Structure formats: structure tokens, C-alpha cells
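Undergrad: To start, I am sharing the structure in question, which I have written as C-alpha cells.
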Amino acid sequence: MLKIKVMTHDDLEHVSRLISELNRIEESHIGYCAKNKDEIKEDFINNISDIKFTNSFILAYEGETLIGVLGFDADLENETAEIWGPFIVSNKWDIAKNMWEQLIELVPNEINSLLMFPNVKNTRACELANRLSFEKYSDETILVFEREQSHELQNVSIQELNPEYISSMKQLHNEAFPNAYYNGQQIIERLNKYRKVFIITNEKGLSGYIYVEAEPDFGGASIEFFAVHESERGKGIGSELLRGALKWLFTFKEIESIRLCVSSNNKNAINLYQKVGFQHKHDLYAYVIIIKESHPNLSGGILLIICFAK
């Protein structure tokens, strides 16, 4: 018998395992959700924080077997929520609409828009987004650089951000990514031994920066943002920043690969990443829907609130 309920702490192990299994398959892959079970569990415990998972995830059980997970990761500051899933075993997708209707009841009034990032091969999630009147606002490409390629990286002349260039870095970031999920000051506040900003300078000042995050506990890392001053483009600075960041990230022996996401239409950026050595991994659709005050009734609309690394 089918039972749909709100997730509890007791479900954490089963949920993390199911997401891990399904997110490794492109036909059920959701971008920005992890594939490693322990990393998924860590996200539930420490990173889904604005609204706890016990108030933001719906589960479907058939007897004692978990067959579906659907939830959201809220960002109350930006009044948005990123949808996790649906993660549903392949022959049980008839429950998706029922799960969605119950999930929407959990979305608080503070949330004005919902985002979905299904793999383009995840046709069932894409069809669900269309039926629910989500609007596709961009195509995104996931690129990956593997550790085995790191021997190809050349010596580079970048430096870690120092106080002299903090103001310039924040200004460049805010100009390049005016609506990003982190502004320049937030990046500065996040810096620690696993999160670094590297820069290249010249006699005139800052030429460009790159912000990266290492997650050695989970064997992964990401390039979050980087930008080069318009006057400095075409000089190889972007490639230099990327190579330098990659060399630092691979100093963590636990890290096996580094991923990034870029607009599929940004051919110049994709060519740059591939020139450095990144390989194509996934293609995603980015969907958004604006929720009216009377939700759960939804209506379509575009609100582009996330910028991706260029």
C-alpha cells in the first residue's frame, strides 16, 4: 500500500541511498544534487538549513520500501527554493503528481519562486515541470576535470587574494554576477582553508579572480565564480586562473574530480574550459516558476535569480 509522508530523521539513511542510486543515472539525474550517499546525508544535516528537511521533503513508501523522494532547499533571503527531485523509481512515476501536491503545501509564503534543474535526458522530470507550468529559462552544461588529467597542468603565476585587492575583487564580482547566489562580500565571509579566491594582477591592479571550494571529505570540488576585467580579456588570464585553481584543488588527495556549470549558449566559456582540459559531463534544463500569493495554484513566469560561472 502506498504511503506518502513528511521525511523524518529516521528516513535519512534510506533517502540518501535512494537519491545516490537514482542521481547516478542520467534518466533520473537532477543537477546540483550530489551522487555520493554520505555527501547527500551531509547536505541534509548541515546545508538544508533555512527550512529543515523534516519540513521540506515528502517521501513515498510502498510497504516498507522507499520508492520516491521530493523536496526543496529554501533560500529565504532570496525568496527562492531549489527543487530536489522528483527521485522516483522508474516504474512508479504515477505518484509524482500526488507527491507534488503534498510538497507544495509545505512551501512557506516567504518563497516566491521555485527552481528545477533536471538533466535533459530526465524526460519525466522535464515533462512534469512543463505540466506544472514551469518556464525553461536556460540550458546549462556541466563540465568535469578529473585528477588523472592534473599532470597536464602547467606552472602558473596566480596568488591568493590578499587585503590589498579585496575591494577590487568584490567590485569585479558584483559587476560580473549582479544577481548571483553569493555577492562579493558573502564570498569574502566564506573564505577558509577549503574556500579560496585566487587572483592575477598587473601594474594597474586586479586583472581577474577565481573563487573555488574544496570538499575533501567527499572527494569533490567546484569552481563557483571567476571573472576577468574586460580590458584584460584575450590575454590568457582566464586559462591561467583556471589552471592555478585546479592545481590548488588537487593538492587535496581526496579530490578526484572538479565540476562546473556554464550556460550552454556561452560557447566562448565552454571552449575555454575544454581548452584547459574540462570534459563534457551533463546537460541540464533550468526551470523556474513564480508562485502567486494564493499558492499552491501556480502560474508561469521568469525570474532569473541565479548566475553561473562564466
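Undergrad: Enumerate the calculated ³J(HN,Hα) couplings along region 197-214 in order (Karplus 6.51 cos²θ - 1.76 cosθ + 1.60, θ = phi - 60°), each rounded to whole Hz, writing x wherever the residue is Gly or Pro.
TA: For region 197-214, the Karplus curve yields 10, 10, 9, 10, 10, 9, 5, 8, x, 6, 8, x, 9, 9, 10, 10, 10, 9 Hz.
Undergrad: Is any residue of region 21-47 close enough, with backbone N under 20 Å, to a label point placed 7 angstrom from the Cα of Asn192 along the Cα-Cβ axis, and if so, which?
TA: Zone members listed by number: 34, 38-47.
Undergrad: A further question follows. Leaving out ligands, DNA and RNA, and with a 1.4 Å probe, what % of the accessible surface on the chain is carbon or sulfur?
TA: Percent of accessible area from carbon and sulfur atoms in the chain: 44.
Undergrad: Also: Between region 121-152 and region 208-278, how many Å separate their Cα centres?
TA: Cα centroid to Cα centroid, the span is 18 Å.
Undergrad: Just to confirm, what accessible area per residue do you get for the chain at 1.4 Å probe, in whole Å²?
TA: 47 Å²
Undergrad: Determine, from the Cβ-Cβ distance of Asn78 and Asn271 and an R0 of 51 Å, the FRET efficiency 1/(1 + (r/R0)^6), rounded to the nearest 0.05.
TA: Rounded to the nearest 0.05, the efficiency is 0.95.
Undergrad: What distance in nm separates the simple spin-label points at Glu135 and Ser222, each placed 7 Å from Cα in the Cβ direction?
TA: 2.5 nm
Undergrad: With a point put 7 Å past each Cα toward its Cβ, work out how far Lys121 is from Gln102 in nm, to one decimal.
TA: Modelled inter-label distance: 3.0 nm.
Undergrad: With the contact rule set at Cα under 8 Å and sequence spacing of 6 or more, what percent relative contact order holds for the chain?
TA: 21 percent.
Undergrad: Return, ordered by residue number, the residues of region 3-19 whose backbone nitrogen is under 15 Å from a label point located 7 Å along Cα→Cβ of Asp38.
TA: 17
Undergrad: Separate question: Straight-line reach only, C-alpha to C-alpha below 14 angstrom: list the aspartates and glutamates that Lys193 could link to, leaving out same-chain residues fewer than 8 apart.
TA: In chain and number order, the partners are Glu160, Glu213, Glu215, Asp217.
Undergrad: Continuing with this model, one more query. About the Cα centre, and with charges only on the beta carbon of Lys, Arg (+1) and Asp, Glu (-1), how big is the dipole of the chain? Nearest 20 debye, please.
TA: 720 debye
Undergrad: Nearest 500 deg cm²/dmol is fine: what mean residue ellipticity at 222 nm does the chain get from its DSSP H runs of n ≥ 4 alone, each adding -39,500 (n - 2.57), divided by its residue count?
TA: -7000 deg cm²/dmol
Undergrad: I've got another one for you. Need the full-extension length gain, Ile25 to Thr8, defined as separation in residues times 0.36 nm minus the C-alpha distance. One decimal, nm.
TA: 3.6 nm
Undergrad: Moving on to the next point. Tell me which residues come under 5 Å, amide H to amide H, from Leu161 once H is placed; ignore anything under 5 positions away on its chain.
TA: Here Val197, Phe198, Ile199 satisfy the definition.
Undergrad: Further question on the same structure: Treating the angle as unsigned and between 0 and 90°, give the value, to the nearest 10°, between the Cα long axis of helix 166-176 and the longest Cα principal axis of the chain.
TA: 60 degrees
The values are calculated or read from the model by the stated rules, or taken from the named source; none is laboratory data. All values derive from a computational prediction rather than experimental measurement. Methodologically, a virtual Cβ is constructed for each residue, glycine included, from the backbone with ideal geometry; neighbour enumeration extends over all protein chains shown. Note: accessible area is taken over every heavy atom of the protein model, side chains too, but ligands, DNA and RNA are not part of it. Shrake-Rupley method; radii C 1.70, N 1.55, O 1.52, S 1.80 Å.
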